[in-house]
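The values are calculated or read from the model by the stated rules, or taken from the named source; none is laboratory data. Remember, predicted model here, so these are calculated numbers, not experimental data. Backbone-built Cβ (ideal geometry, glycine too); neighbour counts: all protein chains shown. Only protein heavy atoms, including side chains, enter the accessible area calculation; ligands, DNA and RNA are left aside. Shrake-Rupley method; radii C 1.70, N 1.55, O 1.52, S 1.80 Å.
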Amino acid sequence: MKFAKTALALSGVLGIAHCLPAISSIPSVRRVLFPRLLGVGKSGHIALTFDDGPDQKSTPLILDILDEYNWKATFFLLGIMVKREPELAVEILARGHEIGVHGFEHKNHLYRTLPAVISDVRQAYDVIARTTGATPTWFRPPYGVLSSSSFLAAQMNGLTPILWTTWGRDWEDSSTPESILSQLSGGLSAQEHRNPLFASPTLLLHDSDCTSEISMSKATIGSLTLLSDWAKNNSIQIGALRDHFK
Ligand SMILES: [Zn+2]
């Protein structure tokens, strides 16, 4: 009986998890239903996250500008990139940032088998932990598609799944610093309180263009300068996920 109840509860969780990609495409719905999963944190704080690195072409530039603003961020690393750039992965940590697991390969978990997803997340966790000496706690699946398989794989590695509240769409070839900030703020003026940047969001940007066809770092870096001006004017703090929920 106890097993049946547990199985039922688990299937409910997995059912929700399997639907998440569809649900999470509706911003207002997803924020109300899954605030924590979508990275809505404490008032007056924005969590800054970067996916797909480390990448020698762009991560050092991002690290320099984060130092300049005295911001810490969370980097969701790809195992395949950590193998290519192990010293850069170590440097991210050494400069005070937090690291999370983004997977080994950047493949949509909806189209992979359960054993393949479990193996991918385990492999990513192992290479990141072994290379950096850190114990990652966060997991963000590729494309933000949290399938039942990715949910289970995260659980098996003691990782907490987290997606994002708002993104900069910095992978688009037409992206500019202004367009990225506009995307992050939901296209609304900074004075409007419906602006997602006032809602303690987790922001998604990229420190690598390894999964897109354009070179994105310039626009992304420019958007950080605009974000810094905006945050100062509105007395908003910017930091890593580890400081976002306290
Ligand atoms: Zn990614």
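Check region 108-122 and report whether any residue there is touching a Phe, Trp or Tyr at 6+ places or on another chain (Cβ under 7 Å) and either open to solvent by 20 Å² or more (accessible area, probe 1.4 Å) or more than 23 Å from Leu204 (Cβ to Cβ) (or both).
yes
Given (1) modelled with pLDDT of 95 or more; (2) farther than 18 Å from Val40 by Cα, where does Gly187 come up short, assuming only one miss?
Just one mismatch for Gly187, condition (1).
Grab the helices (runs of 4 or more DSSP H) fully contained in region 130-246, keeping just those with 3 or more residues being charged (D, E, K, R) and either more than 14 Å from the ligand (Cβ to nearest atom) or in contact with a Pro (Cβ under 8 Å, 6 or more places away or on another chain) (or both). Working first, answer last.
Values: elements: 148-156, 177-184, 217-233.
Here the list reads 217-233.
Hey, can you tell me all the residues within region 71-84 that are open to solvent by 40 Å² or more (accessible area, probe 1.4 Å) and either among the aromatic types (Phe, Trp, Tyr) or within 16 Å of the ligand (Cβ to nearest atom) (or both)?
Ile80, Arg84, listed by residue number.
Here's a check for you: in region 87-107, which residue that is under 21 Å from Ala153 (Cα atoms) and away from the ligand (no atom under 11 Å from the Cβ) is surrounded by the fewest Cβ atoms within 10 Å (Cβ to Cβ)?
Glu98
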